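Student: My questions all concern the structure below.
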Amino acid sequence: MLPLDLQAELHLRSDRTAIAYRRWLKELLDRRGADPESWPAVLERCEQLVAAQVAKATDVDRSRIVGAADALVAEATVRAS
């Protein structure tokens, strides 16, 4: 059965993925002996690093970056399940 509001379904899916990613990041920080609640600073630094790489990337590089990011999100989703 299709959802009545496809935008709502996409929004819920992206929310679940974001939550799964934060859980995975907290778990990773904890395993490394870092404060799990420091995840916002880690996320911000990751975003800065990715933005810098994407800015100087070729089209092929951008495609590979997106593929790697998709794989990370998929892994985070599996781990959070």
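Read-outs: derived from the displayed coordinates by stated rules, not from any lab. Quick caveat: nothing in here was measured; it's all calculated off a predicted structure. Cβ atoms come from the backbone with ideal geometry, glycine included; neighbour counts cover every protein chain shown.
Student: Report the gain in length on full extension from residue 41 to residue 22: 0.36 nm times residue separation, minus Cα-Cα distance, nm rounded to one decimal.
Tutor: Taking 0.36 nm per residue and subtracting the Cα distance, the gain is 5.7 nm.
Student: Over the range 22-81, what portion of Cα pair distances is larger than 15 Å, expressed as a whole percent?
Tutor: Summing the P(r) tail past 15 Å for the range 22-81 gives 59 percent.
Student: Calculate the dipole size of the range 6-80 relative to its Cα centre from +1 charges on Lys and Arg beta carbons and -1 charges on Asp and Glu beta carbons; express the result in debye to the nearest 20.
Tutor: Values: 12 positive and 12 negative charges, 27 e Å.
Magnitude of the dipole: close to 120 debye.
Student: Got the relative contact order for the range 6-80 handy, in percent, Cα pairs under 8 Å and 6 or more residues apart?
Tutor: Contact order relative to length: 46 percent.
Student: Can you tally the net charge around residue 53? Count Lys and Arg as +1, Asp and Glu as -1, for every other residue whose Cβ sits under 15 Å from the Cβ of residue 53.
Tutor: +1
Student: Set the Förster radius R0 to 25 Å, insert the Cβ-Cβ distance between residue 32 and residue 63 as r into 1/(1 + (r/R0)^6), and round the FRET efficiency to 0.05.
Tutor: Efficiency, rounded to the nearest 0.05: 0.25.
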